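The values are calculated or read from the model by the stated rules, or taken from the named source; none is laboratory data. Model, not experiment: these values are computed from the prediction. Note that we place each Cβ from the backbone using ideal geometry, even for glycine, and neighbour counts take in every protein chain shown.
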Amino acid sequence: MAFTIAIDGPAAAGKGTVSKAVAAHFGFAHLDTGLLYRAVGAKMLAGVDPVAAAQGLMAEDLEGEGLRSPDVAQAASKVAAIGAVRAALVDFQRAFARRAGGAVLDGRDIGTVICPGAEAKLFVTASAEVRAERRYLELVNKGHETSREAVLADVKERDARDMERAEAPLKPAADAVVIDTSEMSIEEAVAEAIKAIDARLGE
Ligand code: C5P
């Protein structure tokens, strides 16, 4: 059985954590599509043409903690605005989405562009301030030196670039269930997500 769960939303809204928990709950495979753009962004920072990097992307390019750095995140959102980069990554994501046994994909355009026919769609969001605070704590815990102001500015810059781009801009699909996690714990957000997906599974 193929069953696709599309989970979109802005940076640091809790998408990644919710997606992993949802995938574990249903026994589905999980693809963090942000990693594809981060890998291309990292290659661009290393001097590789982003379109060539996207076309030649390999599984091992998706490994490494370096992909989680703020510089790579900014580079990712820059290469993600290039149509030819996005086009090069479509087939891989669609094939993953339809694998037997079910799949959870999280990103920005899964419910709108990559899998418009997904059986369940969620849009996980939170205020920019709450997202920046979560990202700040995450970075400091990993040993990065930064400030709350710098992280908030970074989050807002990436939001603007992701929402205003012409190609596959970040927005909820018309049929997505919106979950605002600003006032929720991780457990509450995961429970909301599972409830919304259960409702679609039961249809
Ligand atoms: O989700 P994550 O923060 O890792 O994504 C990094 C960047 O990759 C995002 O800011 C966005 O520009 C881009 N992205 C995208 N489409 C996706 C996933 C990520 O454009 N499906």
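The table below gives the values:
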item	result
Which numbered condition I5 misses (of (1) surrounded by 17 or more Cβ atoms within 10 Å (Cβ to Cβ); (2) within 12 Å of the ligand (Cβ to nearest atom))	(2)
Selection count where residues are closer than 14 Å to T125 by Cβ, part of a loop (DSSP other than H, G, I, E, B) and more than 8 Å from the ligand (Cβ to nearest atom), scope the range 157-175	3
Some residue of the range 12-25 being within 19 Å of R165 (Cβ to Cβ) and either aliphatic (A, V, I, L, M) or away from the ligand (no atom under 14 Å from the Cβ) (or both)	yes
Evaluation of K142 against (1) in contact (Cβ under 8 Å) with a residue 40 or more places away in the chain; (2) surrounded by 13 or more Cβ atoms within 10 Å (Cβ to Cβ) (one fails), failing number	(2)
Options L31, L35: the member that is part of a helix (DSSP H, G or I) and modelled with pLDDT of 95 or more	L35
Residue identified as aliphatic (A, V, I, L, M) and part of a helix (DSSP H, G or I) among A100, A53	A53
Residue check, E145 more than 19 Å from F3 (Cα to Cα), more than 16 Å from the chain's Cα centre (by Cα) and assigned to a loop (DSSP other than H, G, I, E, B)	yes
